[in-house]
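These notes are about the structure you will find just below.
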Amino acid sequence: MDTKEKEKMKRTSDILLKGGKLLGESCPKCGGLLLQYQGRTVCVNCDNINEIGKNMVVSTMDMTLRIQSLVSKKIEEVAQNLEKEEDIEKQTHLAELLLKYIEVLRKVSRSKKNESKKDSKRND
Ligand SMILES: [Zn+2]
């Protein structure tokens, strides 16, 4: 067995340990083993299984950052409107909106922390 084969075996067992399932089917492209992992069908030859887990984490982080920057922009907009607004009722409405956005920001940064904690704990 060459190094490449050993690597494949290692990746296959890794993915099974992570909760992946053997599909008992072969890859139409290369005839390699197909596995079901995180809702995706992956081939031990065609897909880099190690990369799949990494990409999932990155996309969660990306989403968190996107929400954070979006909400930060909105907070700025609302704050500017609030500054200009003279109608008390509208001010109240804007202030409530601000609080909601701040709450979203808090929740997002909290979930980001939990996410990284989970990931380092899993570390698999
Ligand atoms: Zn394949």
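Computed from the coordinates by the stated procedures, all read-outs in this text should not be read as laboratory data. All of these numbers come straight from a predicted model, not from anything done at the bench.
Which links in LYS4/LYS29; LYS84/LYS107; LYS6/LYS29; LYS8/LYS29 stretch past 26 Å when you go from one Cα to the other?
On the way: LYS4/LYS29 18 Å; LYS84/LYS107 28 Å; LYS6/LYS29 21 Å; LYS8/LYS29 16 Å.
Beyond 26 Å between Cα atoms: LYS84/LYS107.
Let me check I have the definition right: for segment 3-47, take the eigenvalues of the Cα gyration tensor, multiply each by 5, take square roots. What are those semi-axes in whole Å, largest first? Display every interim value, and only then the final one.
Values: eigenvalues 44, 39, 11 Å².
For segment 3-47, the ellipsoid semi-axes come out as 15, 14, 7 Å.
Once amide H atoms are placed 1.01 Å from N in the peptide plane, what residues at a sequence separation of 5 or more from ASN45, or on another chain, have their amide H within under 5 Å of its amide H?
Excluding prolines and chain starts, which carry no amide H, the hits are LEU33.
Compute the convex hull volume of the Cα atoms of segment 55-105, divide it by the residue count, and report the result per residue in Å³ as a whole number.
Working: hull volume 2.3 nm³, N = 51.
Residue-normalised Cα hull volume stands at 46 Å³.
Under the rule of at least 5 residues apart or a separate chain, name every residue whose amide H is placed under 5 Å from the amide H of LEU23.
LEU34, LEU35, GLN36
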